[in-house]
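First comes the structure, then the notes that go with it.
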Amino acid sequence: MYPENLKYSEEHEWLLENNGVATIGITSFAVESLGDIVFIELPQAGTEITQFSTFGEVESVKAASEIYSPISGEIIEINEKLETEPELLNNSPFEDGWLIKVKIADDSEFEKLMSAKEYESFVNAGS
Amino acid sequence: MDNLLKTSLHQTHIDSKAKLVPFAGWEMPIQYSSILSECKAVRTQSGIFDVSHMGRFYISGNDASLGLDKILSVNPFMIEEGQGKYNVICNQNGGIIDDAIVYKINNNKFLLIPNASNADKIYEWVRENTNNLDFNINIVTKNTAMIALQGPTSRAILNNIFPDLPKIKRFRFIETKYNGKNVTIARTGYTGENGFEIILDNDISQNFWEILVKNGATECGLGARDVLRLEAALALHGNEITEIINPFEAQLSRFVELDRENYMINNTLNNIKSQELSKKLIGFEIQGRNIARSHNIIKDNNNNTIGEVTSGSYSPTLSKSIGLGYISDKSLDIHSEITIEIRSKNILAKITKIPFYKRKKEQVNVS
């Protein structure tokens, strides 16, 4: 049910690693609990972020939620489309609704993340 | 969620894959597809809401009018048969215990609709203040369903189901039959859109709901209802109105009819009315796209705290972030700038005219 090629955090973010760059987003589970997302606040490219600390916010009609980074590093790109199309997050959380790309600082941080199977058990245990 | 009450439409909601949440002791649908698409359906076509959780009290007896005259902020003797009126029910200090609609069937029979969360409290309040009167309260909340059909095509949809339905003016109601059963249809609602609220027996409610869907109505949950009522700047008890807010602060003075000798708190409210208010309700628009939430602090331009947000949401109809709240600084008015503290950040906002959304008067024909 969750893409196998991604890694997951307990705060419901996902990460896709490719040549030292992590694409980061929030999971379908997070998106469903938030409901209709209408605003995403992200930092600018160049910002340094730290694993498990907050780097942005998501506002849905019903709730606001902070976004935590699953990895440390420098933001090299943000998904500009979300500015005008926040619904991409609801419609395609694992693809078109990606949030940021980060130049990974430390590979060993992956150990603190979950596989798709582990994340699925984590979600099921919590609900 | 085992202790929660279920409406007669509960299975229908489950079949429609609604997201159900506990609300005022009931298990209610908060959304079906999405809050935004449900709001859009109500503004452009029609939506239906299960509002069976709201209280339904039939009040009867030779002193029915007299008893309500003591309690309600409007004069029941002046309501016409077949007419409903929005009103507030205040405590001895003028604080609002609840807001309600009262429908007059005749001088000796009324229907009172309090909020689900306040229904028990209102029952006690009405009971203890009508002790010595010929005044009976028959609660039919659990025996009946109530469905709100709201939107520009709502009249056309009703015409398909009731071909001989007479015109019903705003805040009027009629009693008719559906499949041989009694149905009450009132031209009221809580969305700022043209629409109806329909009360019918539990055993025909599922069938009636399905017929409404077949006629083009979109199933909507309480999430959309809350956004729609905020766009129309309709007060929500617990947010804009509470037991420590009086109707003048809440800008509801047009629903307060004073100078009635039976009205228990006539003098209290007259006193409040003659004094300067300590705070007033305002509407605001956020500059930017953050969303204010209830209890966020409102500040003036000098960073002084002047009040608190009572409701806030993104408005899909206006594509703006809007909200309601109280401020103590009466010098501020429409177009004044204020600041709202949202998660420790000061966000600029502007006081705006309410309601935020007002429907166009012309009805759209169903195709």
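Out of (1) within 14 Å of another protein chain (Cβ to nearest Cβ); (2) surrounded by fewer than 18 Cβ atoms within 10 Å (Cβ to Cβ); (3) among the hydroxyl-bearing types (Ser, Thr, Tyr), the odd one out for A:SER108 is which? Against the list (1) within 14 Å of another protein chain (Cβ to nearest Cβ); (2) surrounded by fewer than 18 Cβ atoms within 10 Å (Cβ to Cβ); (3) among the hydroxyl-bearing types (Ser, Thr, Tyr), A:SER108 comes up short only on (1).
Where strands (runs of 3 or more DSSP E) fall wholly inside region B:86-193, the ranges with 1 or more residues that are free of Cβ contacts under 8 Å to residues at least 24 places away in the same chain, in contact with a helix residue (DSSP H, G or I) (Cβ under 6 Å, 6 or more places away or on another chain) and of a type outside the set (Ser, Thr, Tyr) are B:181-186. Within region B:317-341, being surrounded by 16 or more Cβ atoms within 10 Å (Cβ to Cβ) and out of contact with any strand residue (DSSP E or B) (no Cβ under 8 Å at 6 or more places or on another chain) holds for one residue alone: B:THR317. Quick check on my filter: what residues within region B:243-270 are among the charged types (D, E, K, R), part of a loop (DSSP other than H, G, I, E, B) and out of contact with any Gly (no Cβ under 8 Å at 6 or more places or on another chain)? Correct list: B:GLU249, B:GLU257, B:ASP259, B:ARG260, B:GLU261.
Applying a threshold of 7 Å to beta carbon distances and a minimum spacing of six or more residues, or different chains, the list of pairs starting in region B:285-305 at a residue that is within 11 Å of chain A (Cβ to nearest Cβ) and ending at one that is part of a loop (DSSP other than H, G, I, E, B) reads B:ILE286/B:ALA292. If the condition is being in a strand (DSSP E or B) and either aliphatic (A, V, I, L, M) or more than 12 Å from chain A (Cβ to nearest Cβ) (or both), then region B:312-338 contributes B:ILE322, B:GLY323, B:LEU324, B:GLY325, B:TYR326, B:ILE327, B:GLU337, B:ILE338. Please go through region B:271-295 and give me each residue that is buried (at least 20 other Cβ atoms within 10 Å of the Cβ) and in a loop (DSSP other than H, G, I, E, B), ordered by number. Within region B:271-295, B:ASN290, B:ILE291, B:ALA292 meet the criteria.
Within the set B:ILE48, B:ILE30, the sole residue that is within 14 Å of chain A (Cβ to nearest Cβ), among the aliphatic types (A, V, I, L, M), touching a Phe, Trp or Tyr at 6+ places or on another chain (Cβ under 8 Å) and not in a loop (DSSP other than H, G, I, E, B) turns out to be B:ILE30. Of all the listed residues (B:ARG127, B:ARG155), the sole one being buried (at least 21 other Cβ atoms within 10 Å of the Cβ) and modelled with pLDDT of 95 or more is B:ARG155. Among the conditions (1) farther than 18 Å from B:GLU257 by Cα; (2) away from chain A (no Cβ under 14 Å); (3) surrounded by 18 or more Cβ atoms within 10 Å (Cβ to Cβ), the only one that B:ILE35 does not satisfy is (2).
The values are calculated or read from the model by the stated rules, or taken from the named source; none is laboratory data. Just so we're clear, the structure is a prediction, and the values are computed from it rather than from any experiment. Positions of Cβ are generated from backbone atoms using ideal geometry, with glycine treated the same way; all protein chains shown enter the neighbour counts.
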